[in-house]
1. With a sphere of radius 12 Å drawn around the Cβ of ASP77, what net charge do the other residues whose Cβ falls strictly inside it have (Lys, Arg +1; Asp, Glu -1)?
2. What does the charge add up to near ILE234, with Lys and Arg as +1, Asp and Glu as -1, over the other residues with Cβ less than 14 Å from its Cβ?
3. Taking only protein heavy atoms into account and a 1.4 Å probe, give the accessible area per residue of the chain in Å².
4. Please report the projected area of the stretch 1-45's Cα convex hull averaged over all directions, in nm².
5. If you consider only alpha-carbon coordinates, what radius of gyration and Dmax does the stretch 109-151 have, in Å?
6. Tally up the carbon and sulfur contribution to the accessible surface of the chain as a whole percent, 1.4 Å probe, everything protein left in place.
7. How far apart, in nanometres, would the label points at ARG248 and LYS158 be if each is projected 7 angstrom from Cα along the Cα-to-Cβ direction?
8. Quick one: compute the contact order of the chain, relative version, from alpha carbon pairs under 8 angstrom and 6+ residues apart, as a percent.
Amino acid sequence: MIESSDWGVAGSGPEIYERVFVPAMLGPWALRGLSVARPRPGEHVLDIACGTGALTRLLAAAVGAAGHVVGLDLNPDMLAVARRLHVQQIDWREGSADALPFDDESFDVVCCAFGLMFFPDRSAALREMRRALKPGGRLMVMVWGSIRKCPGQQAMQKSWARHFAADYSSLFALQHSLGDVSSVQSLVQDAGFTRVSVEAEMGEVHLPAAEDLPRGYGAMAAIPSDETTRAAAINEVTAALASYVGTRGLVYPIEAIVAHASK
């Protein structure tokens, strides 16, 4: 059978991320991250693993023209989409979280929303975040919670494991690999932060239809498959989420772990 990566969703992975998953999944958490980070006018703020800038843009608006915001990501294609949004006061940088390209004590606030679980060396990344903070500076970190409390991701993980290479289904385990409060608490404390607070919170994922979830993920990851296999995966996930479909479309719960601390 002929394979392709056509999941019926147009655009590159970063474009789909910004157009589909920022409003459906990440946007409300960006607002939550802003409320936890509490950036003030004139402050210098670093957003690590900024992606296409959902949180970064909110931080820039909060610090105003007198402040300075840097959005850092390892993926140049994500940054290319961020730059196209033409937010002039944001400094977009390509770089790694475990070797930040900044001097010691450069920032009042460091944020990392839904990136820490993907870093090869999480402890090194947190130590770098602390190094980059000014004395008394503030840290805000969010990661996804337990996959058992995220039925959409759980349904995709099961279906992907049946139909696609292990590299694709294992992404869901990695995405939720820091899904408990104690793991995040230990990481942040061991990096030397003080006044550490970590809590699990529930939110929602909202899409027009259940099939938009597997189609969006498949297209964003550019998973190659034949048409029959692709249709089977879409149908399985859609059926598994039928009880979460109503007048608002697909709405299902998702857990996040939210941490804040000081240097």
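1. On the way: positive: ARG83, ARG84; negative: GLU15, GLU18, ASP73, GLU94.
With Lys, Arg at +1 and Asp, Glu at -1, the neighbours total -2.
2. Values: positive: LYS158, ARG162, ARG215, ARG230; negative: ASP6, GLU211, ASP212, ASP226, GLU227, GLU236.
Overall, the nearby charge balance is -2.
3. Details: 11420 Å² over 263 residues.
Accessible area per residue: 43 Å².
4. Working: hull surface 19.8 nm².
The orientation-averaged projected area of the Cα hull of the stretch 1-45 comes to 5.0 nm².
5. That works out to 12.3, 41 Å for Rg and Dmax.
6. On the way: 5970 of 11420 Å².
Result for the chain: 52 percent of the exposed heavy-atom area is carbon or sulfur.
7. 2.4
8. Details: 541 pairs, mean separation 62.9, N = 263.
Reported relative contact order: 24 percent.
The values are calculated or read from the model by the stated rules, or taken from the named source; none is laboratory data. Note that the coordinates shown come from a computational prediction; the quantities given were computed from them, not determined experimentally. Methodologically, a virtual Cβ is constructed for each residue, glycine included, from the backbone with ideal geometry; neighbour enumeration extends over all protein chains shown. Please note that ligands, DNA and RNA were not included when accessible areas were found on the heavy atoms of the full protein model with its side chains. Shrake-Rupley method; radii C 1.70, N 1.55, O 1.52, S 1.80 Å.
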